[in-house]
Amino acid sequence: MSETVIRTDDGTFAMINVFDVEPDRQKELAEVMSEGADRFIRHRPGCISVNILTSLDGKRLVYYAQWRSKADIKATMGDPDVQYYRDKAAELAKPDPHAYTVFSVHHPEN
């Protein structure tokens, strides 16, 4: 089973898309993003995990996906099934996607 683990220098990439959304549309956006992730994205080569976070004030949704390579992200974004969900999400909210690497991770002392 794959799970989301955030580490430095492991060679993975994160695709983070922050959506500004009207509070009355946040749940619909979350459902669209979750359906696309479940039906298509999680099955794509290089996908490690997909996480969808909703803000408590209802005004944002964060889509956090981990990938093995930038090429895997690019290939996935070119898939017509994925583009359908991307476009559907963009009708509901304003997206701001970017690819990232992990610079540092900090944990409390035990």
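The values are calculated or read from the model by the stated rules, or taken from the named source; none is laboratory data. Predicted model only: the values in this text are computed from it and were never measured. When we count neighbours, we look across all protein chains shown, and the Cβ atoms used for this are built from the backbone with ideal geometry, even at glycine. Just so you know, the surface numbers come from the protein's heavy atoms only, side chains and all, with ligands and any DNA or RNA stripped out. Shrake-Rupley method; radii C 1.70, N 1.55, O 1.52, S 1.80 Å.
If you take the alpha carbon atoms of the chain and fit the smallest convex hull around them, that volume is 119 Å³ per residue. Using a simple spin-label model with pseudo-atoms 7 Å out from Cα toward Cβ, Asn51 and Glu22 lie 3.0 nm apart. Rolling a 1.4 Å probe over the heavy atoms of the protein chains gives the chain an accessible area of 68 Å² per residue.
Annotation for Lys94 and Ser34: the two label points, set 7 Å from Cα along the Cα-Cβ direction, are 2.6 nm apart. Of the GluC sites (Glu not before Pro) found in region 26-110, the ones in coil according to DSSP and having at most 14 other Cβ atoms within 10 Å of their Cβ are Glu109. A simple spin-label model places pseudo-atoms 7 Å from Cα toward Cβ; at Arg7 and Asp79 they are separated by 2.5 nm.
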